[in-house]
1. As a test question: what accessible area, to the nearest 10 Å², does His14 have when a 1.4 Å probe is rolled over all protein chains in place?
2. Which whole-number percent is the relative contact order of the chain (Cα, under 8 Å, 6+ apart)?
3. Sort out for me the Cα centre separation of the range 20-75 from the range 208-272, rounded to whole Å.
4. Pull out the extension gain between Gln102 and Asn188, defined as 0.36 nm times the separation in residues minus the alpha carbon to alpha carbon distance; nm, one decimal.
5. Restricting to Cα pairs below 8 Å that are 6+ residues apart, what does the relative contact order work out to for the range 173-241? Please round to a whole percent.
6. In deg cm²/dmol, rounded to 500, what helix-only [θ] at 222 nm does the chain give when every DSSP H run of at least 4 residues adds -39500 (n - 2.57) and the total is split over its residues?
7. Of all accessible surface on the range 268-322 at a 1.4 Å probe, what whole percent is carbon and sulfur?
8. Enumerate the whole-percent occupancy of each 10 Å bin, from 0 to the last occupied one, for all C-alpha pair distances of the range 258-312.
Amino acid sequence: MEMEWMKKMGEVTHHTIKTNGISMHVAEKGDGPVVVLLLHGFPELWFSWRHQITHLSDHGYRVLAPDLRGYGDSDSPPSPSSYTFFHIVGDLIGVLDHFNQQQVFVVGHDWGAHAAWHLSLFRPDRVKGIVALGIPLFPRSPISPTQLFTKSFGDNLYITQFQELGRAERAFAKYDCLTVIKKFLLINHGDVPVAPPGIEIIDHMETPSLPPWITEDELHAYADKFQETGFTGGLNYYRAMDLTWELEAPWQGAKIKVPSKLIIGDEDIGFESWTKEFVESDVMKELIPDIEVVMIKGHHFIHQEKPQEVSDHILSFLHKLA
């Protein structure tokens with residue numbers, strides 16, 4: 001049976017391509033001359049961009065939305081060390097090469113925003129401009145990310161709990177996949193997720209009631225796919241953070257040289273306690289000289305919660321540069 005969201009999206013072409021030693025699933029819509037690459041976060045899929053895929057293709061853009069490595073119908077290498085941003089950027093360069101695209105616009109959310117920043121950092125020659133949702137590029141810390149987060153938030157921060165191979169997977173397994181997805185996607189506050197001592201973060205997280213911006217069918221689309229794949233691939237991004245940090249030392253102090261836009265919800269996770277001060281600082285503007293910042297009312301999964309507003313902000317950025 002065709003779901004309502006499928007009808008709204010219309011015809012999407014699905015490819016399985018070889019890139020950087022793995023198979024990657026890429027959804028494609030539109031046939032315009034300008035390509036927009038959409039990169040999802042945790043725990044998401046290409047389908048997270050369903051609203052933007054339709055909106056951008058309707059406005060004459062060709063849209064590519066992969067399942068990143070570890071997710072959905074793309075390969076999921078078993079080792080956490082296979083999930084550094086060198087691997088992820090390598091995958092994306094392979095996607096651009098496969099579709100014969102020398103330069104594209106990149107839009108990323110959550111881990112996809114990190115991937116977009118790193119693509120722009122490592123290969124600015126392949127990026128026309130970047131729109132990041134929720135996540136700015138922070139300067140490289142003198143200590144590793146896990147040390148920094150633990151120092152700031154303690155041992156029961158979700159990121160810290162995710163480091164141990166198998167721990168989060170065992171905790172998640174106590175719930176059905178739909179409940180796990182709801183606990184993450186429907187987060188309706190800006191507090192950084194920190195569990196009380198001795199409690200797993202997934203047990204501490206609430207299961208909010210269904211908001212008007214997403215349907216039960218759409219949540220099932222995520223849950224059904226994660227039921228097939230498990231969550232290890234997505235969790236391995238957190239487990240590779242410190243290795244990425246070690247390997248990117250040569251880029252210490254390097255600036256983002258492509259036009260950039262940051263769209264962030266005023267109730268995003270950690271916005272008040274962590275991100276807001278940095279976003280408003282001169283440090284970010286030194287790191288990303290050509291950046292426009294837009295704050296809108298909303299939470300972490302802003303592209304799904306406020307699809308029209310976010311799509312319009314992306315479109316205005318593209319029109320300005322295309």
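The values are calculated or read from the model by the stated rules, or taken from the named source; none is laboratory data. Just so you know, these numbers come straight off a predicted model, no measurement behind them. Don't worry about glycine lacking a Cβ; one is built from the backbone with ideal geometry, like all the others, and counts go over all protein chains shown. To get the accessible areas, we keep the full protein, side chains included, count just its heavy atoms, and leave off ligands, DNA and RNA. Shrake-Rupley method; radii C 1.70, N 1.55, O 1.52, S 1.80 Å.
1. Probe radius 1.4 Å; accessible area of His14 about 100 Å².
2. On the way: 571 pairs, mean separation 63.4, N = 322.
Relative contact order comes out at 20 percent.
3. Between the Cα centres of the range 20-75 and the range 208-272 lies a distance of 15 Å.
4. Numbers: separation 86, 0.36 × 86 = 30.96 nm, distance 3.91 nm.
Fully extending the segment from Gln102 to Asn188 adds 27.0 nm.
5. Values: 37 pairs, mean separation 27.4, N = 69.
Relative contact order comes out at 40 percent.
6. Numbers: 16 runs with 131 residues, N = 322.
My calculation for the chain gives -11000 deg cm²/dmol from helical runs alone.
7. On the way: 1400 of 2650 Å².
It is 53 percent, rounded to a whole number.
8. Taking every Cα pair in the range 258-312, the percentages come to 24, 49, 27, 0.
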